[in-house]
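Written out below as structure tokens is the structure these notes cover.
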Amino acid sequence: MNARFVLTKLFRALVTLWLVVTFAFVILHASGDPIEILLGDQAEQEVIDHYKQLYGLDRPMHEQYFRYVAGVAQGDLGFSLSDQRPVTELLAEAIPATLELGLTALAISMLIGIPLGIVAALNRNKAIDRFVMTFAVLGFSIPNFFLGILMILLFSLWLRWLPTSGMGTWQHLVMPALTLGTAAAGSLARFTRSSMLEVMSKLYMRTAVAKGVPRGRRIRWHALPNAAIPLVTVLGFRLGDLVAGSIVTETVFAWPGVGRALVSAVSARDLAVVQGVLLMTAFTMVIANLLVDLAYGWIDPRIRAAKSRPSEA
Amino acid sequence: MSIASPLTEPAAAPGRARRFLRRYPPLVLLAALFIILTLLISAAADWIAPYHYTTQDLSNRLLPPVFLGGLAQYPLGTDELGRDILSRLIYATRFSVIIAILGTSIGAVLGTLIGFIAAHFRGWVEETLMMLVDAQASMPFMLLALAVLAFFGNSLVLFIVVLGINGWENYARLTRGMVLSASSQGYAVAVHALGATPARIYTRHILPNILSVLIVQFTLNFPATILLETSMSFLGLGIQPPLTSLGQMLGSGRSHLLLAWWIAVLPGTMIFLSTLSISMFGDWLRDRLDPTLRNR
């Protein structure tokens with residue numbers, strides 16, 4: 001992995017971040033006068049002028065833009081009008097809940113999806129393969145909110161095993177994490193299967209058979225490490241699905257995370273919070289994608305070698 | 001061998017049936033049937049729905065479906081305002097289908113156009129557009145959609161446009177790649193030499209050649225649009241009452257789960273079955289048109 005590769009990736013990440021910050025700024029300013037939203041259209045001119053000065057809205061547009069970007073760079077995401085406190089504070093309270101749910105769901109999806117994909121690939125075109133693939137399609141076709149509601153109906157209202165909503169004990173975590181994890185498990189199983197199948201058709205696998213490597217060792221030492229490489233990328237992308245899925249899942253189970261904060265902010269048109277969540281997610285996604293890109297070059301020796309010897313790439 | 005033909009006739013039938021079933025697996029046939037049924041229901045909603053979707057019968061609220069002891073005049077029961085669930089389901093399906101078709105089409109046209117533009121101009125135009133594609137692909141789209149609706153307020157037209165923007169990047173990336181490779185192929189070079197304008201080459205010659213791939217992408221994108229629409233309507237941020245969609249029905253039925261679970265479960269089942277059918281059909285179509293992608 002050479003410096004140029006890293007620099008290109010870094011530059012792309014910065015451009016994406018800049019695009020999102022600019023998108024947030026433009027849309028904040030195109031959506032109407034924030035002072036009018038705050039004070040209503042009956043306010044005195046003096047009061048309006050006072051607030052305009054207070055928030056720096058009397059400055060020229062480019063100056064406002066630079067102040068906005070500088071503020072974001074320093075972690076200042078504005079002030080929530082409906083909660084009357086800084087957005088950063090509000091998000092800092094919601095992030096641990098979202099991480100708890102998201103990481104558990106990610107772990108569940110990997111624990112279910114990857115083994116199922118491997119089993120399906122090893123039993124290609126047999127009944128168990130078809131069964132796993134049907135499960136995978138079902139898993140990502142069922143909408144999060146519907147699966148959540150079915151689980152509430154079954155486990156909370158009929159069987160009375162688990163609490164319907166809220167956060168606190170491990171029982172609260174079970175249904176939201178399963179809901180969020182199932183869809184990701186389905187697509188992960190499908191991806192693992194196709195990755196395994198591709199590796200198993202490679203010439204080095206045939207070589208391994210020819211030199212008498214036992215089946216178990218062939219799968220563990222020859223197939224799995226190679227099949228795992230593309231999985232790293234796909235896990236990076238799954239992160240985005242988890243973020244989007246958590247918006248719905250947190251609302252269904254009244255989980256006090258970022259997703260639910262976003263939904264109530266959209267309903268209340270609390271623009272600062274919406275903008276804050278947007279920027280925070282963009283930063284997370286860009287950093288995750290960057291790490292995946294770099295990890296990819298680091299994990300796969302072939303990419304590393306190709307990068308340092310461009311003539312053979 | 002005069003008796004051979006009457007004997008081989010019935011023997012050939014199972015073979016033919018097996019061949020037919022291998023080409024068209026039963027699940028895919030079932031999926032196609034369900035899609036056709038859904039489209040028919042949406043088209044004929046005005047004729048087959050027993051009631052209008054806003055008609056209320058306040059003395060018959062929260063009735064169970066007829067198979068759970070309800071009244072025959074409301075086969076699937078009624079909701080909290082005494083509205084007939086069957087009629088609402090029919091109309092909600094129609095709204096969801098129309099919105100999904102409009103949304104997916106906007107994305108397809110926009111993305112294809114951008115792909116053509118990128119492939120035609122190359123250089124910095126292509127670089128910029130492809131960077132936009134990457135930026136869009138790296139963000140969860142639902143978040144952008146929610147942000148746009150929060151900033152501009154909710155309206156039906158804006159909502160459909162927002163749904164349309166979802167997925168354009170897939171078409172743009174596909175179209176750009178295919179146009180670039182098609183432009184260097186014999187037929188495109190030949191019509192160019194005959195003096196055809198680029199617009200004519202693109203619309204008359206290249207587009208028909210890449211259309212099948214775009215149609216497959218359309219069927220694969222369609223369930224995603226349905227899921228996005230129903231999710232947002234479920235959150236109360238999409239289709240607004242008195243209009244109804246499957247997601248909106250499910251969302252409002254959520255508060256009556258304990259007393260009347262069917263209000264939420266029926267539209268949910270409908271969403272699940274439609275996305276499932278279209279996904280299965282789309283997968284099958286892709287495998288048929290491009291056998292190299294099989295088992296992916």
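What follows draws every value from the coordinates through simple rules; no lab data is involved. Predicted model only: the values in this text are computed from it and were never measured. Positions of Cβ are backbone-derived with ideal geometry, glycine not excepted, and every protein chain shown enters the neighbour counts.
Taking neighbour Cβ counts within 10 Å as the exposure measure, how do B:131, B:139, A:205 sort from fewest upward?
Numbers: B:131 14, B:139 22, A:205 17.
By the 10 Å Cβ count, ascending, the order reads B:131, A:205, B:139.
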Completion exercise
From the Cα centre of the stretch A:65-102 to that of the stretch B:106-139, the distance in Å is 32
Practice task
Work out from phi, with θ = phi - 60° and the Karplus expression 6.51 cos²θ - 1.76 cosθ + 1.60, the ³J(HN,Hα) of each residue of the stretch B:236-244, listed in order in whole Hz, and give x for Gly and Pro.
Solution key: x, 10, x, 4, 9, x, x, 4, 9
Problem - Cβ-based exposure ranking for A:174, B:179, A:258, B:157, in which fewest neighbours within 10 Å come first - result: B:157, A:174, B:179, A:258
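To the nearest 0.05, what FRET efficiency results for residue B:47 and residue B:20 with a Förster distance of 22 Å applied to their C-beta separation?
Details: r = 34 Å, r/R0 = 1.54.
After rounding to 0.05, the efficiency reads 0.05.
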Handout entry: FRET efficiency estimate (nearest 0.05) - Cβ-Cβ, residue A:169 to residue B:58, R0 56 angstrom
Key = 0.85
Practice task
For residue A:76 paired with residue A:154, estimate the spin-label separation in nm (one decimal), with each label point 7 Å from Cα along the Cα-to-Cβ line.
Solution key: 5.1
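Eigenvalues of the Cα gyration tensor times 5, then square-rooted: what semi-axes does that give for chain A, in whole angstrom, largest first? If you can, show how the numbers build up before the last one.
On the way: eigenvalues 405, 168, 32 Å².
Semi-axes, largest first: 45, 29, 13 Å.
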Exercise for the section: Determine the gain in length on full extension of the stretch residue A:284-residue A:125; use 0.36 nm per residue of separation and subtract their C-alpha separation, reporting nm with one decimal. Expected result: 53.3 nm
Practice task
Quick one: which residues, 5+ away or cross-chain, put their amide H under 5 Å from the amide H of residue B:239? H built at 1.01 Å from N.
Solution key: B:233
Exercise for the section: For residue B:258 and residue B:200, compute 0.36 nm times the residue count separating them, minus their Cα-Cα distance, and round to one decimal in nm. Expected result: 14.8 nm
Practice task
Let me know the Kirkwood hydrodynamic radius for the stretch A:202-296, please, with Cα pairs as the basis and the value in Å to one decimal.
Solution key: 16.5
Fill in the blank from the handout: For chain A, the longest principal axis of the Cα atoms and the Cα long axis of helix A:45-54 enclose an angle in degrees, to the nearest 10, of 40
Practice task
Multiply the residue gap between residue A:264 and residue A:22 by 0.36 nm, knock off their C-alpha separation, and tell me the result in nm, one decimal place.
Solution key: 84.7 nm
Exercise for the section: With everything on Cα atoms, drop me the angle between helix B:85-121 and the longest principal axis of chain B, reported from 0 to 90° to the nearest 10. Expected result: 20
Practice task
Counting only C-alpha contacts under 8 Å and six or more residues apart, can you give the relative contact order of chain B as a whole percent?
Solution key: 21
Completion exercise
Magnitude of the Cβ-charge dipole (Lys and Arg +1, Asp and Glu -1) of the stretch A:92-312 about the Cα centre, nearest 20 debye, reported as 1320
Problem - Total formal charge among the other residues, if their Cβ is under 9 angstrom from that of residue B:252, Lys/Arg +1 and Asp/Glu -1 - result: -1
Exercise for the section: Could you tell me which of rounded, prolate or oblate describes the stretch B:100-294, using a ≥ b ≥ c as the square roots of the eigenvalues of the alpha-carbon gyration tensor, with rounded for a/c under 1.5 and, failing that, prolate when a/b is larger than b/c and oblate otherwise? Expected result: prolate
Problem - Separation of alpha-carbon centers, the stretch A:119-148 and the stretch B:199-253, rounded to whole Å - result: 24
Problem - Taking the C-alpha atoms of the protein assembly as shown, convex hull volume expressed per residue in Å³ - result: 256
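What's the magnitude of the charge dipole for the protein assembly as shown around its Cα centre, counting Lys and Arg as +1 and Asp and Glu as -1 at the beta-carbon? Answer in Debye, nearest 20. If you can, show how the numbers build up before the last one.
Numbers: 46 positive and 35 negative charges, 780 e Å.
I would put it at about 3740 debye.
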Exercise for the section: Report the calculated FRET efficiency for residue A:4 and residue B:180 (r = Cβ-Cβ distance, R0 = 22 Å), to the nearest 0.05. Expected result: 0.30
Exercise for the section: Calculate the dipole size of the stretch B:100-294 relative to its Cα centre from +1 charges on Lys and Arg beta carbons and -1 charges on Asp and Glu beta carbons; express the result in debye to the nearest 20. Expected result: 280
Handout entry: For residue B:264, net neighbour charge (Lys/Arg +1, Asp/Glu -1) across residues whose Cβ lies under 15 Å away
Key = +1
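Return A:152, B:98 ranked ascending by Cβ neighbour count within 10 Å, so the fewest neighbours appear first.
Numbers: A:152 24, B:98 13.
Starting with the residue having the fewest Cβ neighbours, the order is B:98, A:152.
Restricting to Cα pairs below 8 Å that are 6+ residues apart, what does the relative contact order work out to for the stretch A:92-312? Please round to a whole percent. Could the numbers behind the result be given before it?
Details: 241 pairs, mean separation 57.5, N = 221.
Computed value for the stretch A:92-312: 26 percent relative contact order.
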Problem - ³J(HN,Hα), Karplus 6.51/-1.76/1.60, whole Hz, each residue of the stretch A:259-265, x for Gly, Pro - result: x, 5, 4, 5, 4, 6, 5
Problem - Nonlocal amide H pairs with residue A:80, under 5 Å, H built at 1.01 Å - result: A:85, A:87
Handout entry: Principal-axis tilt of helix B:26-43 within chain B, Cα atoms, nearest 10 degrees
Key = 70
Fill in the blank from the handout: Checked against the positive end of the charge dipole of the stretch A:92-312 (+1 on Cβ of Lys and Arg, -1 on Cβ of Asp and Glu, about the Cα centre), the farthest of A:278, A:167, A:212 is A:212
Fill in the blank from the handout: residue A:204 and residue A:295 label points (each 7 Å along its Cα→Cβ direction) are spaced in nm at 2.1
